[in-house]
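The values are calculated or read from the model by the stated rules, or taken from the named source; none is laboratory data. None of these values were measured; they are calculated from a predicted model. FYI the Cβ positions are ideal-geometry reconstructions off the backbone, even for glycines, and counts take in every protein chain you see.
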Amino acid sequence: MYDYLVLGSGVAGLRAALELAKHGTVGIVTKSVLGEGSTEYAQGGVAVVLSDDDDIFLHYEDTINAGDGLCDKDAVLTLVEEGPKYIRELIAYGAKFDMHGEHFDFTREAAHSVNRIIHASGDATGHEIVRTLKDTVNKTKNIDKIENHFVVDLIVKNNRVHGIYAIDELTNAPALFHSKAVILATGGAGRIFKRTTNPEVSTGDGMAIAFRAKAVLKDMEFYQFHPTGLHLKNAPAFLLSESMRGEGGILRNIKGERFCHNYHPMAELAPRDIVSRSIFFEMMKTDAEHVYIDLTHLGHDFVKNRFPKIYSTCLSYGIDITKELVPVSPAAHYYMGGVETDLWGRTNIENLFACGETACTGVHGANRLASNSLLEGVVFGGRSAKAAIIDTKNISIEMVEPEVNEKIDFKDLEASYSEVQDLLWKNASIVRDKGSLTKVVEYLSSFLSSLENKIPETRRCGELKNILTVSMMLSLSALKREGSKGAHYRSDFPEKINESWHIVFKNGKFDPIIEG
Ligand code: SIN
């Protein structure tokens, strides 16, 4: 029993826990070990207005423009205005960002009008943020780490959350935790796709359990594909940071020709969705499975020092990025959609909050501006915790029991897992159409109906149920949106839709509703 439960331990969850611990006991629940998740692997940096040459309004405008008409303007304003304060606080906790003399070493990334990205150890920004927050959590009273616990479902009664039902992965025994409030900060869902930059833990758990608890989910058709994942046989789609293009890296097709300027005047630094699609179309045009990123003109020492992690990782796969072209292609990277929240992380379920990639605060709209996600995590992690403290001030913990359901019995678990990822990648990723999406929906419908009201007995089984659930929301909303906007591109409706409506899921039903 804890006053507050935080599910997930990336930037949003850890920041939320630090705030909550000032007011009560906190349990941080993670299915892995503390800090494992997308934040840890984030390379590029944090977009934040800390330079005299920058302006809050410019950051606001760049975010709105990237979001392609679907951002919530108040949420964006909150992000850009409060961002500098939260980053200064991280620095006070001990985070060390790269400096150029007395100033931050600001870099540029796609669709930013000025250099405003701060970074740490070159390309290890996420690691530095997780390290700092973990160290601070470890020194803070009132926080328990509940590692190796997979959350199956929320305990909800009369639209109020009372805790969680989990599986202790070391014993596979059920474990119940009750609390006054629950903060969902479980990250994204890149593992619904075969090709992704996300770590193995990114299986959309928070989104799926929120859906089953009847929370509202929004903008689920908007999934961002990063233009440059390493493309090698037998290697994961390791991220080659956008800041490589910000520092002058060039994309070349298989014939060695530069091509991005043929698709957008900002060429390699066009918004991320446009660069990913340009690569996709260039690959089709040249009948190739990848393009190249070329850094060879930037200088051996500069590349090695500025991107030490990428340099050493690629070298371990036999590629010297200072001397050779690096094969790359797009990979699933970030979910703009998620659990709908207000500006304080509140969901439609009483005392249930969401923040970070799990949430849809509205800051990203239809396409996220590069390096806005770590900032979103820290700002809305903090704000969700502040709201949870206020909202639950006068309530006590109720020991509500979860519903007990029949257990799922999966046959060929791993084969099903790969089949879903493959299906999604081929039919519901960078370019989609009615036929491909219908095929996915039909497959997922029959699979999901066989699992209705059944609960998993192991983490892996639960993860499969969650990727099916999130994939279904993605495919149904992508099918419903007959037009192209931001990261959602329909080849049968390539024209851009200018209206600003959203698609939501309510009451735990796979029934996409147009709103707004
Ligand atoms: C990158 O380093 O390219 C990733 C940054 C981001 O996803 O915002």
Worksheet item: Within segment 181-221, can you find the residues that are farther than 20 Å from H333 by Cβ and surrounded by fewer than 24 Cβ atoms within 10 Å (Cβ to Cβ)?
Response: R212, A213, K214, V216
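Is it the case, given these coordinates, that K480 is of a type outside the set (D, E), touching a residue at least 24 places away in the same chain (Cβ under 8 Å), surrounded by fewer than 16 Cβ atoms within 10 Å (Cβ to Cβ) and within 20 Å of G67 (Cβ to Cβ)? Show your work before the answer.
Values: of a type outside the set (D, E): yes; touching a residue at least 24 places away in the same chain (Cβ under 8 Å): yes; surrounded by fewer than 16 Cβ atoms within 10 Å (Cβ to Cβ): yes; within 20 Å of G67 (Cβ to Cβ): yes.
Against the criterion (of a type outside the set (D, E), touching a residue at least 24 places away in the same chain (Cβ under 8 Å), surrounded by fewer than 16 Cβ atoms within 10 Å (Cβ to Cβ) and within 20 Å of G67 (Cβ to Cβ)), K480 qualifies.
From the list A385, A415, exactly one residue is more than 16 Å from the ligand (Cβ to nearest atom), over 18 Å from the mean Cα position of the chain (by Cα) and within 20 Å of K85 (Cβ to Cβ). Which is it? Quick ask: steps written out before the conclusion?
Values: A415 fails: within 20 Å of K85 (Cβ to Cβ).
The unique qualifying residue is A385.
Residue-wise test of (1) among the acidic types (D, E); (2) within 30 Å of H488 (Cβ to Cβ); (3) touching a helix residue (DSSP H, G or I) at 6+ places or on another chain (Cβ under 9 Å).
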residue	(1), (2), (3)
I321	no, no, yes
G338	no, yes, yes
W344	no, yes, yes
L352	no, yes, yes
A359	no, yes, yes
H364	no, yes, yes
V379	no, yes, yes
M399	no, no, no
N405	no, no, no
Worksheet item: When D62 is evaluated against the numbered criteria (1) of a type in the set (D, E); (2) more than 16 Å from the ligand (Cβ to nearest atom); (3) more than 20 Å from G345 (Cα to Cα); (4) in contact (Cβ under 8 Å) with a residue 60 or more places away in the chain, which criterion, by number, is the only one it fails?
Response: (2)
Worksheet item: Between a first residue in segment 277-304 that is farther than 20 Å from S241 by Cβ and a second residue that is of a type outside the set (D, E) and surrounded by fewer than 13 Cβ atoms within 10 Å (Cβ to Cβ), which pairs have beta carbons less than 8 Å apart while being 6 or more apart in sequence or on different chains?
Response: T286/K255
Worksheet, complete the sentence: Note on segment 20-56: residues away from the ligand (no atom under 16 Å from the Cβ), in contact (Cβ under 8 Å) with a residue 40 or more places away in the chain and outside any loop (DSSP other than H, G, I, E, B) are L20, V26, G27, I28, V29
Practice prompt. Among the numbered conditions (1) surrounded by 13 or more Cβ atoms within 10 Å (Cβ to Cβ); (2) at pLDDT 95 or above, tell me where D273 comes up short.
Written response: (2)
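Would you confirm whether any residue within segment 291-299 is closer than 30 Å to I503 by Cβ, hydroxyl-bearing (S, T, Y) and outside any strand (DSSP E or B)? Even if it seems obvious, please write down each step before you answer.
Narrowing segment 291-299 to residues closer than 30 Å to I503 by Cβ: none.
Checked segment 291-299: no residue is closer than 30 Å to I503 by Cβ, hydroxyl-bearing (S, T, Y) and outside any strand (DSSP E or B).
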Discussion item. Based on this model, can you work out whether I430 counts as surrounded by 15 or more Cβ atoms within 10 Å (Cβ to Cβ), under 27 Å from I349 (Cα atoms) and touching a residue at least 40 places away in the same chain (Cβ under 8 Å)?
Written reply: no
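Tell me, please, whether a residue that is within 16 Å of the ligand (Cβ to nearest atom) and over 20 Å from the mean Cα position of the chain (by Cα) can be found in segment 121-142.
Yes: one or more hits.
Counting just the residues of segment 246-255 that are touching a strand residue (DSSP E or B) at 6+ places or on another chain (Cβ under 8 Å) and of a type outside the set (S, T, N, Q), which one comes out farthest from the ligand (Cβ to nearest atom)?
Taking segment 246-255 as the starting set, the residues that turn out to be touching a strand residue (DSSP E or B) at 6+ places or on another chain (Cβ under 8 Å) are 246-247, 249-254.
Still in the running and of a type outside the set (S, T, N, Q): 246-247, 249-252, 254.
On the way: G246: 9, E247: 11, G249: 11, I250: 16, L251: 13, R252: 18, I254: 22 Å.
Looking at residues that are touching a strand residue (DSSP E or B) at 6+ places or on another chain (Cβ under 8 Å) and of a type outside the set (S, T, N, Q), I get I254.
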Fill in: Odd one out for E221, checked against (1) acidic (D, E); (2) more than 30 Å from C360 (Cβ to Cβ); (3) away from the ligand (no atom under 16 Å from the Cβ)
(2)
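When you check L437 against the structure, is it within 16 Å of the ligand (Cβ to nearest atom) and either assigned to a helix (DSSP H, G or I) or in contact (Cβ under 8 Å) with a residue 24 or more places away in the chain (or both), yes or no?
On the way: within 16 Å of the ligand (Cβ to nearest atom): no; either assigned to a helix (DSSP H, G or I) or in contact (Cβ under 8 Å) with a residue 24 or more places away in the chain (or both): yes.
When the stated conditions are applied, L437 does not pass them.
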Fill in: Total residues in segment 242-275, condition in contact (Cβ under 8 Å) with a residue 24 or more places away in the chain and within 15 Å of L369 (Cβ to Cβ)
11
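Identify, please: which residue in segment 224-245 is crowded, with 22+ Cβ neighbours inside 10 Å and among the small types (G, A, S) and is, among those, farthest from the ligand (Cβ to nearest atom)?
Looking only at segment 224-245, we keep the residues that are crowded, with 22+ Cβ neighbours inside 10 Å, and these are 224-231, 237, 239-245.
Those still in the list that are among the small types (G, A, S) too: 229, 237, 241, 243.
Values: G229: 10, A237: 13, S241: 3, S243: 6 Å.
Ranking the qualifying residues of segment 224-245, first place goes to A237.
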Fill in: Which numbered condition C260 misses (of (1) away from the ligand (no atom under 15 Å from the Cβ); (2) closer than 24 Å to A366 by Cβ; (3) touching a Lys or Arg at 6+ places or on another chain (Cβ under 8 Å))
(3)
Worksheet entry | Every residue from segment 321-375 that is part of a strand (DSSP E or B), more than 16 Å from the ligand (Cβ to nearest atom) and of a type in the set (V, I, T) | V339
Practice prompt. For segment 76-92, indicate whether the set of residues that are in contact (Cβ under 8 Å) with a residue 12 or more places away in the chain, buried (at least 17 other Cβ atoms within 10 Å of the Cβ), within 16 Å of the ligand (Cβ to nearest atom) and in a loop (DSSP other than H, G, I, E, B) is non-empty.
Written response: no
